[in-house]
Amino acid sequence: MSKIAFITGVTGQDGSYLSELLLSKDYEVHGMIRRQSTNCTQRIEHIIDNKNFVLHYGDMSDSHNLTELIGKIKPDEVYNLAAQSHVGTSFEVPEYTAEVTGVGTIKLLEAIRQVKPDTKFYQASTSELFGGIPETAPQSEKTPFYPKSPYGAAKLYSYWVTVNYREAYNIFACNGILFNHESPRRGTDFVTRKITTSIAKIMNGTLDKISLGNLNAKRDWGFAGDYVEGMWLILQNDKPDDFVLATGETHTVREFVEAAFDEVGIKIEWRGTGIEEKGYCVKTGKLLVEVNPKFFRPAEVDLLLGNPSKAENILGWKRKTTFKDLVKMMVAEDLSNVKQSYPPPRNFPELG
Ligand code: NAP
Ligand code: G4F
């Protein structure tokens, strides 16, 4: 009998990679999608006709719908990936973020408790829980939490209700505390993909320069494809537990910019400081990167650097993709997207 998985957030970056992974392991994969007026299935288009892949309409704000889906699907494993996942946007829609990214989790856990309590539950927790306090780096499962955004605070609630349902009701409920993971499928309003899509447009002649916020922020960036394997391993462990998944390496946004331009043969020279800092092409002197304070956040997470030792020792998980290979993969894919389509794809990095 193949196992049955239910994924919320199946149309997102991680949902698409996780679906592929589980289908390759002969799972029957059920995914929840939101009804939208435009197509939201871009990332799963290639698997939508797979006979073991089933989509259901739903929303994290609708507890009746979640309860009905758990009853109908009777999943062995639930992966709760749905969220308003953009940290900057969470300052603009804090209440909505709390509702979906926070309270949505307890709606799903309650559905499991009431309808099918032997379901294994994975919660997409995040390094944003740590708040990037420099003295605490590298951050592990033992590092105290200090979220710095409505998103982080909503995820903190979800983290604790996951632990609580494990302790109170004996549900196999686990947190994956994942550090930033990226890919060619990353939303274009996150900084890495904003940089790589913008570089593709610059090379195509349809954009002059990239406007960014805080260039000094440091992130522990890995490849999403590696991280979904970790999610699956967390639910295959012999007991429910919480795990950090990270690379153990950190880079500034500035370093990501340099590495991405390097892939198209452009060396960046930085001049000026603070909001006057600008990046120029060493060869031509052309202005390619500027700072725009509109992308600063009301509170910032300065430094994320994870310690994945527990996952490495207990689950045998390890990231495979290096920082350089991740950047290479993302730039190459965006360059080929721009070449393939005319007019160039419309995305909205200016909102990120
Ligand atoms: P993503 O690309 O933004 O995907 C989010 C998913 O959630 C999308 O499928 C979205 O659907 C869905 N969603 C949003 N609001 C919803 C609602 N009200 N009801 C149902 N579905 C809803 O995020 P991701 O990068 O794949 O991340 C997956 C999860 O891991 C998220 O919970 C995120 O917070 C967490 N996380 C991510 C990272 C990272 O670096 N990527 C690190 C740690 C934790 P639409 O397509 O319809 O918008
Ligand atoms: O790419 P970001 O928007 O990702 P952030 O805030 O780290 O959050 C992501 O990772 C979390 C895990 O740690 C997830 F939980 C969360 O769901 C999401 O996937 O920003 C990264 C850094 C920030 O410090 C931001 O201030 O880049 C800085 N940044 C500088 N300029 C920018 C920009 N971020 C964005 N989005 N856009 C900019 O123009």
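The values are calculated or read from the model by the stated rules, or taken from the named source; none is laboratory data. Since the structure is predicted, the reported quantities are computational estimates derived from the model, not experimental observations. Quick reminder, even Gly has a Cβ in these numbers, built from the backbone with ideal geometry, and neighbours come from all protein chains shown. Only protein heavy atoms, including side chains, enter the accessible area calculation; ligands, DNA and RNA are left aside. Shrake-Rupley method; radii C 1.70, N 1.55, O 1.52, S 1.80 Å.
When the solvent-accessible surface of protein heavy atoms is calculated with a 1.4 angstrom probe, in what order do Met231, Met203, Met1 fall, highest first? Working shown, then result.
Numbers: Met231 0, Met203 90, Met1 230 Å².
These residues rank, largest area first, as Met1, Met203, Met231.
Carbon and sulfur together cover what percent of the accessible area of segment 1-112 at a 1.4 Å probe radius? Intermediate results must be reported in sequence, preceding the final value.
On the way: 2460 of 5080 Å².
C and S atoms contribute 48 percent here.
Take the alpha carbon atoms of segment 21-61, find their center, do the same for segment 233-279, and report the distance between the two centers in whole angstrom.
Centre-to-centre distance over Cα atoms comes out at 29 Å.
Which FRET efficiency value, to the nearest 0.05, do you get for Asp325 and Asp238 by plugging their Cβ-Cβ distance into 1/(1 + (r/R0)^6) with R0 = 41 Å?
Numbers: r = 32 Å, r/R0 = 0.79.
In this case the efficiency is close to 0.80.
Tell me which residues come under 5 Å, amide H to amide H, from Phe121 once H is placed; ignore anything under 5 positions away on its chain.
Under 5 Å from the amide H of Phe121: Val78, Phe172, Ala173, Cys174.
Roughly how many debye, to the nearest 20, is the charge dipole of segment 182-266 about its Cα centre, given +1 on each Lys and Arg Cβ, -1 on each Asp and Glu Cβ, and no other charges?
460 debye
If you wrap a convex hull around the Cα atoms of segment 100-184, how much volume per residue is inside, in Å³? Mind dumping the intermediate values first?
On the way: hull volume 9.5 nm³, N = 85.
Per residue, the Cα convex hull of segment 100-184 comes to 112 Å³.
Could you point to the residue in Tyr151, Asn50, Thr119 farthest towards the positive end of segment 45-170's charge dipole, with +1 and -1 charges on the Cβ of Lys/Arg and Asp/Glu respectively?
In segment 45-170, that residue is Thr119.
Place a +1 charge on the Cβ of each Lys and Arg in the chain and a -1 charge on the Cβ of each Asp and Glu, then give the dipole magnitude about the Cα centre in debye, rounded to the nearest 20.
Details: 41 positive and 45 negative charges, 101 e Å.
In total the dipole reaches around 480 debye.
Could you work out the Kirkwood radius for the chain, taking every pair of different alpha carbons, averaging 1/r and inverting it, reported in Å? Each step should come with its number before you reach the end.
On the way: mean 1/r = 0.0479 Å⁻¹.
When all Cα pairs of the chain are included, the Kirkwood radius is 20.9 Å.
Could you give the length gained on full extension between Thr284 and Ala332, defined as 0.36 nm per residue of separation minus the Cα-Cα distance, in nm? Numbers along the way, then the final one.
On the way: separation 48, 0.36 × 48 = 17.28 nm, distance 2.25 nm.
Full-extension gain reported as 15.0 nm.
Between Asn164 and Thr41, how high is the FRET efficiency from 1/(1 + (r/R0)^6) when r is the Cβ-Cβ distance and R₀ = 35 Å? Nearest 0.05. Walk me through the intermediate numbers first.
Values: r = 34 Å, r/R0 = 0.97.
For R0 = 35 Å, the calculated efficiency reads 0.55.
Just name one of Gly187, Ala224, Asn237: the one whose Cα is farthest towards the positive end of the charge dipole of segment 180-256 (beta-carbon charges, Lys/Arg +1, Asp/Glu -1).
Gly187
Using a 1.4 Å probe, what is the accessible area per residue for segment 159-311, in Å²?
Here the per-residue accessible area is 39 Å².
Per residue of the chain, what 222 nm ellipticity follows from adding -39500 (n - 2.57) for every DSSP H run with n ≥ 4, rounded to the nearest 500? Mind dumping the intermediate values first?
Working: 10 runs with 118 residues, N = 352.
When only DSSP H runs of four or more count, the value is -10500 deg cm²/dmol.
Anything over 32 Å Cα to Cα? Flag those among Lys209/Lys310; Lys148/Lys310; Lys120/Lys194; Lys74/Lys218; Lys116/Lys155; Lys155/Lys310, in the order listed. Don't skip to the answer; put the middle values down first.
Details: Lys209/Lys310 42 Å; Lys148/Lys310 25 Å; Lys120/Lys194 35 Å; Lys74/Lys218 41 Å; Lys116/Lys155 24 Å; Lys155/Lys310 21 Å.
Where the Cα-Cα span goes over 32 Å, the pairs concerned are Lys209/Lys310; Lys120/Lys194; Lys74/Lys218.
In the chain, once you exclude exposed trypsin sites (Lys or Arg not before Pro) (DSSP loop, at most 16 other Cβ within 10 angstrom), what's the longest stretch remaining?
Values: sites that count: Lys3, Lys25, Arg34, Arg35, Lys51, Lys142, Lys209, Lys267, Lys283, Lys286, Lys318, Lys320, Arg346.
In the chain, the maximal stretch lacking such sites is 52-141.
Kindly express, to the nearest 10 degrees and within the range 0 to 90, the angle between helix 104-115's C-alpha long axis and the longest C-alpha principal axis of the chain.
That helix lies at roughly 20 degrees to the long axis.
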